[in-house]
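The values are calculated or read from the model by the stated rules, or taken from the named source; none is laboratory data. Note that the coordinates shown come from a computational prediction; the quantities given were computed from them, not determined experimentally. A quick note on method: Cβ atoms are made from the backbone with ideal geometry, for glycine too, and the neighbour counts reach across all protein chains shown. These accessible areas exclude ligands, DNA and RNA; they are computed on the full protein's heavy atoms, side chains included. Shrake-Rupley method; radii C 1.70, N 1.55, O 1.52, S 1.80 Å.
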Amino acid sequence: MNIEFIKAKNGEDSFTVDSIFFHSSYAPKKEAERFVQGIDFSFNPKVIILIEPGLSHTKEFLKQRFPDAKIGIIRILKELKKDDNAWDFVIDYTTTDELYNAFTKIIEEELLNTQVLCWPVSEKLFFDEIKNIWQSFKQSLEYAKTILITRQYFEKKWIINSVNFFINAKNLYSLNKTKLPVVITASGPSLKNTLHILKEKRDYIFIAALSSSLSVLLKQNIIPDVCVSTDGGFWATKHLKKLCTKNIPLLMSAEANVYKKVLEKNPIVPLNYDDGISNKLFEYLNYYSVKAKRNGTVSGTALDLFKNYTDTIYFCGLDLAVTKGYSHTQPNELEIENSCFDTRINTKEKRISQGQFNTSSLKIYEDWFKAQSLQQKVYRVIDKEYKNNTLGQIKDISSSDFENQIKKEKKDVALTSEKITIGAEDLKTIKQKILDFINKNADIDEWKKQLFPLDFILTMHAKNDEERKLLIEKLNTKNDKIIKKIKALIDAR
């Protein structure tokens, strides 16, 4: 495209693209003002993104009308980079995967309160680019909705789990960097092709078992260096049964649902996200933790974490695809639990086949892995019979290639030799500080927004004051209930 910078009739900056005026040839700012005046949003946005707005004439009018919103752009014309500093943020147009990654960096509440606009001339000039932008934005909204729906369901569990963690965890450790390759084991069916390699090469790899794969490894007498759990749900706890009798270190978020016995007995490496009430509790209690990133799947959190501790990472069992038969390598604790309820009418085959139709979450997780920009060597070990997708910069290798790549290296120490032990007096202080924290925060909007994100967004999108009042009352009732439950948990300890 041929771009020519010119002055409009009134002396303001303008330009043409292939002889087409991108802004008014007479009064660009007046045109921008009219454009902003014509905007009709169904709600007051937290973020406004313009698709290639050209020069920054619209910025001041958008800021006047929406003073609390972040105003950003998607830049398609690289020749306008000098104008980027005028905006609150800039997303460069690249591939759909990278656009998706850029959108998902916006926190979920803001993303679901984002309005995207397109400058009129851009709609004519960049049809294919705009189509890709909308596709990426739509995918990122689906991802944000998935995260927020998960949070709305789990936030109440997470705060209870966090309090349970802080009043029961006894032995805290930190994680050491390692020269060995880290093998993250998930529980996809392809894991079984690598079990013999994990056993044979055990002394030359660092194994981080995601909780769902723990029973598979232990069945093969493969003791992982650590287990990783971030799931706050009740059923996720079942995967950790074996830890009650095995002294395997557990890397866990405070929000994870973990047996009290494991918290009291096992070495614990506390993972702390940069958001949420659990993070604020870590800070308020001045409690030791390792930084981690929240992700919709524990495998994503594990990848982000171990990138800081090793140069080479392998995934085993990360299929992210529906397969015939079992969805997980056996034995699986949930399969064992569910099989107790199989009957001649509700058969095992029926139960297993139903799981083959839930592909939406897998696709979201697959897209997240594809969008990652990686400095380390990251591989997925997967043979042809299980391969149904690719994961961007994560390179797929066969189990035989995996076996050949593992070199004999001296094993190093997984955890620090020094530990932090929580004693009786420490516990007393922790309990009192948790109560102080709740009393200070439970009535403020930020607390309610964190615990009930969807309910809070609904109050912002209410059609009128009466509807907003009813929604706020409903939210406050839920909040009072959870506070009572937390205080009862502390009193019982």
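Data overview
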quantity: Gain in span if fully extended, residue 275 to residue 424, counting 0.36 nm per residue against the direct Cα distance; calculated: 50.8 nm
quantity: Set of aspartates and glutamates with alpha-carbon distance to residue 78 below 20 Å, sequence-local pairs under 8 removed; calculated: 4, 13, 18, 52, 88, 92, 97, 98, 123, 128, 129
quantity: Global form of segment 1-124, assessed from the alpha-carbon gyration tensor, a/c cut-off 1.5; calculated: oblate
quantity: Candidates per trypsin sites (Lys or Arg not before Pro) in segment 140-183, loop by DSSP, up to 12 other Cβ within 10 Å; calculated: 177, 179
quantity: FRET E, pair residue 235, residue 412, Förster distance 30 Å, beta-carbon r, rounded to 0.05; calculated: 0.30
quantity: Rough spin-label spacing in nm, given labels placed 7 Å along Cα→Cβ, for residue 39 and residue 20; calculated: 2.3 nm
quantity: More than 29 angstrom apart: percent of Cα pairs within the chain; calculated: 59 percent
quantity: Dipole magnitude (debye, nearest 20) for segment 186-310, charges at Cβ of Lys, Arg, Asp, Glu; calculated: 500 debye
quantity: Antiparallel bridges, percent of DSSP beta bridges restricted to the chain (to nearest 5); calculated: 20 percent
quantity: Estimated dipole of the chain in Debye, rounded to 20 [Cβ of Lys and Arg +1, of Asp and Glu -1, Cα centre]; calculated: 1840 debye
quantity: Listed residue pairs exceeding 24 Å between alpha carbons, taken from 431/481; 63/448; 63/124; 448/485; 7/124; calculated: 63/448; 63/124
quantity: The chain - percent relative contact order, Cα under 8 Å, separation 6 or more; calculated: 15 percent
quantity: Of all DSSP beta bridges in segment 1-110, antiparallel share, percent nearest 5; calculated: 45 percent
quantity: Selection from 49, 3, 273, by position along the positive dipole direction of the chain (Cβ); calculated: 273
quantity: Accessible surface, segment 358-483, averaged per residue in Å² (probe 1.4 Å); calculated: 62 Å²
quantity: Portion, in percent, of the accessible area of the chain that falls on carbon or sulfur, probe 1.4 Å; calculated: 50 percent
quantity: Whether segment 1-44 is rounded, prolate or oblate, judged on the alpha carbon gyration tensor where a/c under 1.5 counts as rounded; calculated: oblate
quantity: Shape box of segment 234-313 [Cα atoms, principal axes, largest first, Å]; calculated: 35, 30, 22
quantity: Rounded accessible area of residue 1 (nearest 10 Å², 1.4 Å probe); calculated: 120 Å²
quantity: Full-extension gain in nm, residue 492 to residue 442, via 0.36 nm per residue minus C-alpha separation; calculated: 16.0 nm
quantity: Prolate/oblate/rounded call for segment 377-493, Cα gyration tensor, a/c under 1.5 rounded; calculated: oblate
quantity: Set of segment 17-57 residues, backbone N closer than 15 Å to the point 7 Å along the Cα-Cβ line of residue 4; calculated: 17-23, 25
quantity: Leading residue at positive end of dipole, the chain (Cβ point charges), from 214, 314, 69; calculated: 214
quantity: Cα-centred dipole magnitude for segment 2-100, charges only on beta-carbon of K, R (+1) and D, E (-1), debye, nearest 20; calculated: 360 debye
quantity: Probe 1.4 Å - accessible area at residue 204, Å² to nearest ten; calculated: 60 Å²
quantity: Where GluC sites (Glu not before Pro) fall in DSSP loop in segment 370-470, at most 12 other Cβ within 10 Å; calculated: 418
quantity: Separation in nanometres of the label points that stand 7 Å from Cα toward Cβ, at residue 245 and residue 472; calculated: 5.6 nm
quantity: Residue-averaged [θ]222 nm for the chain, counting only DSSP H segments that reach four residues, each worth -39500 (n - 2.57); calculated: -13000 deg cm²/dmol
quantity: Accessible area of segment 57-171 divided out per residue, in Å², using a probe of 1.4 angstrom; calculated: 44 Å²
